[in-house]
Amino acid sequence: MTGVTGVRYNPALLSSKFLTQTFAARGDLLADLVGFVRPEHGAASVQHYLLLGPRGIGKTTLLRLTALRVRKTQSCARHGYRCSSRRRTR
């Protein structure tokens, strides 16, 4: 088979809009991560989190979306808007 190349899925190469529109699996976990990380954004000392799992289950996608949502919230706050995420209550 000549001329056939493999294509790897790499969330870093996808647009923010595409990631946001196609993310369907771990919404509750995403909301929890954003809720944990958001208050620490820009702090001198932050808590570290470790995601473990087999290849291909969406760890990188989840982290990229967490970063996008935290940045979006911080950007809204800087411009005087109130931003919220749908964080579930326990």
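The values are calculated or read from the model by the stated rules, or taken from the named source; none is laboratory data. On a predicted model such as this, the values are computed, not experimentally measured, just so you know. Cβ atoms come from the backbone with ideal geometry, glycine included; neighbour counts cover every protein chain shown.
Worth pointing out:
- Residues (hydrophobic (A, V, I, L, M, F, W, C), part of a loop (DSSP other than H, G, I, E, B) and touching a residue at least 12 places away in the same chain (Cβ under 8 Å)) located in the range 17-60: PHE23, ALA25, LEU51
- Residue match in the range 59-72 (condition: surrounded by fewer than 14 Cβ atoms within 10 Å (Cβ to Cβ), within 14 Å of the chain's Cα centre (by Cα) and at pLDDT below 85): yes
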